[in-house]
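To start, the structure under review is shown below, and the notes come after it.
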There are 2 protein chains.
Amino acid sequence: MDDEAPAGPDQPAALDVLTMGRIGVDVYPLQVGRSLREVETFGKYLGGSATNVAVAAARYGRRSAVITRTGADPFGEFLRDALRRFGVDDRYVTAVEGMPTPVTFCEIFPPDDFPLYFYRFPTAPDLQIRAEELDLDAIRRAAVFWVTGTGLSQEPSRSATLAALRARGRAGITVLDLDYRPMFWASRELAGRRIAEALQYVSVAVGNLEECETAVGVREPRAAAAALHDHGVDLAVVKQGPAGVLASDRSREVEVPPVPVDVVNGLGAGDAFGGALCHGLLAGWDLQHTMRFCNAAGALVASRLACADAMPDAAEVEQILGAAASDRPV
Amino acid sequence: MDDEAPAGPDQPAALDVLTMGRIGVDVYPLQVGRSLREVETFGKYLGGSATNVAVAAARYGRRSAVITRTGADPFGEFLRDALRRFGVDDRYVTAVEGMPTPVTFCEIFPPDDFPLYFYRFPTAPDLQIRAEELDLDAIRRAAVFWVTGTGLSQEPSRSATLAALRARGRAGITVLDLDYRPMFWASRELAGRRIAEALQYVSVAVGNLEECETAVGVREPRAAAAALHDHGVDLAVVKQGPAGVLASDRSREVEVPPVPVDVVNGLGAGDAFGGALCHGLLAGWDLQHTMRFCNAAGALVASRLACADAMPDAAEVEQILGAAASDRPV
């Protein structure tokens, strides 16, 4: 990203993918299947949903950046180092004085239990993103702009997120990750109201059944997609876990089954799906292929211990897709 | 501690050492000399000053316990496990719902730079100790009762600490660790006022030059000891770092030099000193021997990577004292 090609005499090239939201240090056990009561050693990793999506997109060669904030501390420096190492532009990552960079611990109980322990209360640097500090021009020009439900959970981040969405005016591909984490909200009802408000500004919404129910009040996948369309969304992506993914772009609906893998750590799989979604939408693939690719990317990360560090490149995803296809009866 | 000898028909045996204050998980780098920006892996350890003093005392065979609180989470369970493993009675350790067990990261730059990164803001479970939940009888009967400046930094912990001190009425050995950590206080002036207030209830005060200056306004060791006596303290212990330790019990004053060691991690050395101080005072040793023993215990822990896990037993301390003595010209 050092030698970026100028798009005009004074203008830097537009970003392919610009995300906005959470960042932190994931302090994850080096022993799988043990509680934090018993685990002995930890590794440290770049983390945070919006950040992981930018990393995942960069792995496909997309020019990506994340708008976020860290503490003014060594962990914040680590996060910037890691972003650069992953090829993510860190120009929109700023430090907040007097607030520690958040850390998150987890427990890894495959195949389906991955509790998270967030140290980001009562607030976190990435919730201190301010509207007046945004580069609205870069936000308008990015091919994909990606925001998350967590970014709506507190001020000033919520106002900044809405200001960014308004500046885009639903141009290009504007995605809301419905991302609902109960511990960041006073109530599920409030989360639902805030997330639903933001839907009018986006063209794409993606979430699991729980998140769809929080945002639009219905959990049945087709009804959830329809409700998301009613809120103004062009493409609704409903992740159904073991039942696969449903995607609907008003003109058609596709449903793809999950890619079977041995799950090691489910954390990060949703962000891998998100990065792949950005890639597929930018590539202009048909909806079926895009969803299969997203599913496979998510499955690959679920089969690996790490999150950001585990994001696959395109060849790895195509390989697992090929293997999955050849497993099926012909 | 499972089969404690009853002191009377209905009364459990009195504790030798009962401390009250901070507990948490120390998440410490497994690589020395690297910043958190660069360190790759971490171990987890029992930590918190008051807790470490109870552990250090237990290593000398003292019946010890700590009054503190954790989160209601797996890290809280780990801390209780660790206390029991070290032979510290955990009956006065309770869990606070909805508040995470604090974690503390550090950087280890020997010989003298060990920055701490606390994740315990705006409050922590151990600052939620409530006066009405205290076992005042156990507090009165303990041979040594030990509180810290940090315990005075917030309510309800401050009121609980003062209630405990009042219940003791300066009986036996009642110690205030002047323990001043700027990040836990709105101002140094406030810390000084709160810590000075508590001095009237204790018979022993221990602190370094910075802490003495915070509590009584003077930094020169003899003047600090005199000021501590003026506040009602019988034994004043002033830690002067490379200049050794000054102790004054009104009737006499002793000054002992530091024990030379290769410092690996200075964190925990003060708590090792504290545990040794409890042991020496309980043993009734003369002041000179007590201070030499405390100094040696602190030096031993400074020469080791861990804190609670590194607390020495009496034989180890005597060995280093013997070695230090034989180094001197005869």
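The values are calculated or read from the model by the stated rules, or taken from the named source; none is laboratory data. Predicted, not measured: the structure shown is a model, and the values here were computed from it. Note that each Cβ is placed from the backbone with ideal geometry, even for glycine, and that neighbours are counted across all protein chains shown. Ligands, DNA and RNA are excluded from the accessible area calculation, which covers all protein heavy atoms including side chains. Shrake-Rupley method; radii C 1.70, N 1.55, O 1.52, S 1.80 Å.
Taking the range A:105-123 as the range and being hydroxyl-bearing (S, T, Y) and in a strand (DSSP E or B) as the test, the residues that pass are A:Y117, A:Y119.
The single residue among B:G280, B:G268 that is in contact with a helix residue (DSSP H, G or I) (Cβ under 8 Å, 6 or more places away or on another chain), closer than 26 Å to B:F109 by Cα and not acidic (D, E) turns out to be B:G268. For beta carbons closer than 6 Å, sequence separation of 6+ or different chains, a first residue in the range B:208-223 that is farther than 15 Å from B:A196 by Cα and a second that is open to solvent by less than 20 Å² (accessible area, probe 1.4 Å), the qualifying pairs are B:P221/B:V238; B:P221/B:L246.
Among the residues making up the range A:295-310, those that are of a type in the set (G, A, S) and open to solvent by 20 Å² or more (accessible area, probe 1.4 Å) are A:S303, A:A306.
For the range B:221-240, indicate whether the set of residues that are open to solvent by less than 60 Å² (accessible area, probe 1.4 Å) and under 20 Å from B:M311 (Cα atoms) is non-empty. Scanning the range B:221-240 turns up at least one residue that is open to solvent by less than 60 Å² (accessible area, probe 1.4 Å) and under 20 Å from B:M311 (Cα atoms).
Can you name every residue in the range B:55-79 that is open to solvent by 10 Å² or more (accessible area, probe 1.4 Å) and more than 9 Å from chain A (Cβ to nearest Cβ)? Once the filter is applied, which keeps residues that are open to solvent by 10 Å² or more (accessible area, probe 1.4 Å) and more than 9 Å from chain A (Cβ to nearest Cβ), the range B:55-79 yields B:A58, B:R59, B:Y60, B:G61, B:R62, B:R63, B:I67, B:R69, B:A72. When you go through (1) assigned to a helix (DSSP H, G or I); (2) within 16 Å of B:T174 (Cα to Cα) one by one for B:G232, which number turns out not to apply? B:G232 satisfies all of (1) assigned to a helix (DSSP H, G or I); (2) within 16 Å of B:T174 (Cα to Cα) except (1). Could you check the range B:25-53 and list, in sequence order, the residues that are closer than 21 Å to A:R37 by Cα, touching a Leu at 6+ places or on another chain (Cβ under 9 Å) and away from chain A (no Cβ under 14 Å)? Selection gives B:G47, B:G48, B:T51, B:N52.
All conditions but one from (1) open to solvent by less than 20 Å² (accessible area, probe 1.4 Å); (2) not in a helix (DSSP H, G or I) apply to B:R34; the one that does not is (1). Of the residues B:A138, B:A124, B:A143, the single one that is under 30 Å from B:A14 (Cβ atoms), of a type in the set (A, V, I, L, M) and within 13 Å of chain A (Cβ to nearest Cβ) is B:A124. Annotation: of all residues in the range A:98-118 being within 13 Å of chain B (Cβ to nearest Cβ) and open to solvent by 30 Å² or more (accessible area, probe 1.4 Å), the one that is nearest to B:E97 (Cα to Cα) is A:Y117. Could you list all residues from the range A:126-156 that are open to solvent by less than 20 Å² (accessible area, probe 1.4 Å), touching a helix residue (DSSP H, G or I) at 6+ places or on another chain (Cβ under 8 Å) and either in contact (Cβ under 8 Å) with a residue 60 or more places away in the chain or farther than 26 Å from A:L277 by Cα (or both)? Scanning the range A:126-156 gives A:D126, A:I129, A:I139, A:V144, A:F145, A:W146, A:V147, A:T148, A:G149, A:T150, A:G151. Candidates are the residues of the range A:11-24 that are open to solvent by less than 40 Å² (accessible area, probe 1.4 Å) and either polar (S, T, N, Q) or within 14 Å of another protein chain (Cβ to nearest Cβ) (or both); the one that is nearest to A:R141 (Cα to Cα) is A:T19. Per the conditions (1) within 14 Å of another protein chain (Cβ to nearest Cβ); (2) touching a Gly at 6+ places or on another chain (Cβ under 9 Å), the sole criterion not satisfied by A:M183 is (2). Of everything in the range A:251-294 that is of a type in the set (S, T, N, Q) and over 19 Å from A:Q319 (Cα atoms), the residue that is surrounded by the most Cβ atoms within 10 Å (Cβ to Cβ) is A:N265.
In the set (1) at pLDDT below 95; (2) open to solvent by 40 Å² or more (accessible area, probe 1.4 Å); (3) among the small types (G, A, S), A:G8 fails one condition alone, (2). Within the range B:256-290, the residues that satisfy the criterion of being more than 25 Å from B:V17 (Cα to Cα) and over 20 Å from the mean Cα position of the chain (by Cα) are B:P257, B:P260, B:V261, B:D262.
For A:V216, state whether it is touching a His at 6+ places or on another chain (Cβ under 8 Å), surrounded by 22 or more Cβ atoms within 10 Å (Cβ to Cβ) and among the hydrophobic types (A, V, I, L, M, F, W, C). So A:V216 passes the test.
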